[in-house]
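Single-structure report; data block below.
Read-outs: derived from the displayed coordinates by stated rules, not from any lab. Here the structure is a predicted model, which is why all the values come from computation and not from measurement. Positions of Cβ are backbone-derived with ideal geometry, glycine not excepted, and every protein chain shown enters the neighbour counts.
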Amino acid sequence: MKVQPRQQLLEVWRGMVGYSFSDTGWKWGGRQARNSVSDAEQLVCLMYPATVLPTFKLDQPDQTANDVLVALDFMGDSVEIPKRLIRVLAEYMDTYSSPGGSPTFGAGSYLEPQQADAELSEEQRNLAVVDSYSMSITLTLATLGFIKVFRGVLRRKQLRDEVDALEETTSRRLTGAMIGLLRSFAVRTFEPGSDAGQAMCRTANQTGEPTRRIVEELHRALVEIRAGLLDVTLGSGGADVLDNENLLFECGWSWGTIKGALEVKTDEQIDQPDGVSPSRPYLYFTVVALDGIADLFSERTRILGLLNPEQQNLARALQLRWDLTQRYWSTLASFGTGRWPLEDIPWRTTDGKESDYYSLLVTSATVEDLVRRRATDADLTRVGEVLDELAARGRITRRPLMDDPAVAMHVTGVRLNLDGAEELGPAADWPASDYAAVLLKRTLRVAGLARSTELRDRLLGLADEAWSHLQGRRLETVSMGTLWDQPGQVFPDVEIRHDLPSWYYTQRVVECLVAAAAFADDPPLRSARLLDTARDLLNEADHLFGRELLVGSQEAGPAIRANLRRIEGKLARARAALRERPGSAMALALDVLAELEDLTAARADADRTI
């Protein structure tokens, strides 16, 4: 890979701290005015790598890496950095809590009016969105893990009290975010003959079958998912809308709390306001929710025991929705026996809208289900080809045309109409402009699943091109040269230039870099052909070494005996590496064979001299 995740992450940290930290305190906000999502994204840029990647940890001052300290030197030394982080995190938790202590999840400046001359109401700005819930789960889990480790090195009571208070507010925010996601889950049903039903059948029907047969096959393919959704009773979505088995359905997350969603019982002090969002899944918010929920049952969350008993119950309810939603979209994306609906780009939603961005979002859900199913390379190849085409259509691997409409996905973004928000003011939109970052993240994910070296190499080539595209979009200013986003630098026709960083985009690039670091940490692929060749070379080296000991050991001097011991050590290393790293074993075996050949030639020369 061209991307060097460690170096790039350290540069992001350097740029982020240079922008955000000063003697007067932490500087919040960026391109957008402060809101609960943007401020969380700003902190996640620092906290996520620090808690997911062991070599970036900040919670054990005596183990903080030197290059990490250099990148964060504006914040102090290894002892001061975690102390200051505790106070910044506490400031965030307090800012986005009501006077009574309940967490708030308002979208604020991230919401935009559909009409340029309209002004959104304060009630609309305070509307909670799934993005805030999901990002809060990632941030709070990172914070709780950080606290759990850092508390072990604290001695001063004042600091321990600060950490205890932060833990309480963070845990409450985590519970609030989980409840918010439960109350934002949407199940929508519709008649096969309705506009939505016809749109779904057109998407699923890639072989020209009669609509009646497609409907029957969809019912069969989704029967287990429908049965699972009947058990969904906590929060929103579930059995009340799935009674009629003749209806088609879709599931996922709406943009915010569903109108009429029931309150979730909790012992925490959590406000659960009525929602205005329709019970209709949005692909964007569904993928965002799936990404955040996955952190709840990660290995780190389990090992550190970050969830209390009530949160464990909520997590199980969310995992059920996570499993069913991913299976639903993966089933729909790969439906039928011919071409997959996913391969019919662009994806068309049930409300008649279509976009390459929607194809990318469906790919995201499909990839995670492929992980669960341990998919074959044949399936992964098809997904990889979709990603390759989306990269070209999105002008990531191809130059843009004059007045290219694809460029708008990177600049103004795909605008998602937040239906229901107009009850509190003018019609509102949510712009989604993370196309390139999402594509890179999913490409790395598929590459990590690939079992053949050819497929992995092809996917890594696409990842390299996507990363080169993202590198070109970094801000030009010296102080923020490692933050994002400046699309005008790679799309010449874009005249808009930005002076401030977008935490929305920078956080997504950080996710890509963390994914690249995880990929680099995985063991390399083991080719069967390479393994056979390495084994043959090692067998020959073993045999020749044994013969050398038999023939030449009697007259060997100190230098030759030392050489033989070194050769024996290389053979032992080659045997140990054979199964996991056959290429390394082959290199060692070839080295041993060359040294043994030199010994044989030297002995032959000595015999001729005598």
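Assorted remarks:
- Helix-only mean residue ellipticity at 222 nm for the chain, each DSSP H run of n ≥ 4 adding -39500 (n - 2.57), per residue, nearest 500: -18500 deg cm²/dmol
- Kirkwood radius for the stretch 20-131, taken over all pairs of different Cα atoms as the inverse mean of 1/r, rounds to 16.0 Å.
- Rounded, prolate or oblate (a/c below 1.5 giving rounded, otherwise prolate when a/b exceeds b/c) for the stretch 353-432 by Cα gyration tensor: oblate
- Dmax and Rg, reported as Rg then Dmax, of the stretch 147-243 (C-alpha, Å): 23.7, 73
- 0 to 90° range, to nearest 10: angle between helix 195-204 axis and the chain longest Cα axis: 10
- For the chain, lysine pairs separated by 8 or more sequence positions, or belonging to different chains, with Cα-Cα distances below 30 Å total 18.
- Derived scalar couplings ³J(HN,Hα) [the stretch 355-370; Karplus, 6.51 cos²θ - 1.76 cosθ + 1.60; whole Hz; x for Gly, Pro]: 6, 4, 5, 5, 4, 5, 5, 5, 4, 4, 5, 5, 4, 5, 6, 4
- HN-Hα J in Hz across the stretch 216-225 - Karplus 6.51, -1.76, 1.60, θ = phi - 60°, x for Gly and Pro: 4, 5, 5, 4, 5, 5, 9, 4, 5, 5
- Local net charge near Glu209, Cβ-Cβ under 15 Å (Lys/Arg +1, Asp/Glu -1): +2
- Distances between placed amide hydrogens fall under 5 Å for Ala186 paired with Gly252, Trp253, Ser254, all partners being 5 or more residues away or on another chain.
- Filtered GluC sites (Glu not before Pro), the stretch 412-486: DSSP coil and at most 16 other beta carbons within 10 Å: Glu476
- Projected area averaged over orientations for the stretch 381-424, convex hull of C-alpha atoms, nm²: 4.8
- Taking every alpha-carbon pair within the stretch 205-350, the share separated by more than 26 Å comes to 33 percent.
- Look at where the Cα atoms of the stretch 191-227 and of the stretch 109-131 average out, and the two centres are 36 Å apart.
- Cut-off under 5 Å, modelled amide H: who pairs with Asp429 long-range: Glu112, Gln114, Leu418
- Relative to one another, the C-alpha centroids of the stretch 358-408 and the stretch 257-277 are positioned 36 Å apart.
- Under 5 Å, built H, 5+ apart or other chain: amide partners of Ala261: Gly275
- Ordering Ile303, Ile293 by the number of other Cβ atoms within 10 Å of each residue's own Cβ, fewest first, gives Ile303, Ile293.
- Cα convex hull of the stretch 532-609, projected area averaged across orientations, nm²: 4.9
- Pairs of alpha carbons in the stretch 437-500 separated by more than 21 Å make up 37% of all such pairs.
- Positive-pole candidate from Gly275, Ala375, Asn126, dipole of the chain, charges at beta carbon: Ala375
- Stokes-Einstein diffusion coefficient of the stretch 76-181, Kirkwood radius over Cα pairs, 37 °C, 0.692 mPa s, in µm²/s: 215
- With the cut-off at under 19 Å, measuring from each backbone N in the stretch 590-604 to a point 7 Å along the Cα-to-Cβ line of Leu549 picks out 590-600.
- Computed from phi, the 3J(HN,Hα) profile of the stretch 68-82 under the Karplus parametrisation 6.51, -1.76, 1.60 (θ = phi - 60°) reads 5, 5, 5, 5, 10, 5, 4, 8, x, 8, 5, 8, 6, 4, x Hz, with x in place of Gly and Pro.
- Rounded tilt (10° steps) of 435-449 against the dominant C-alpha axis of the chain: 50
- Charged-residue dipole, Cβ positions (Lys, Arg, Asp, Glu), the chain about Cα centre, Debye nearest 20: 1560
- Overall dimensions of the chain as given by Cα atoms, namely Rg and Dmax in Å: 28.1, 104
- Summing +1 for each Lys or Arg and -1 for each Asp or Glu among the other residues whose beta-carbon sits under 12 angstrom from that of Leu10 gives -1.
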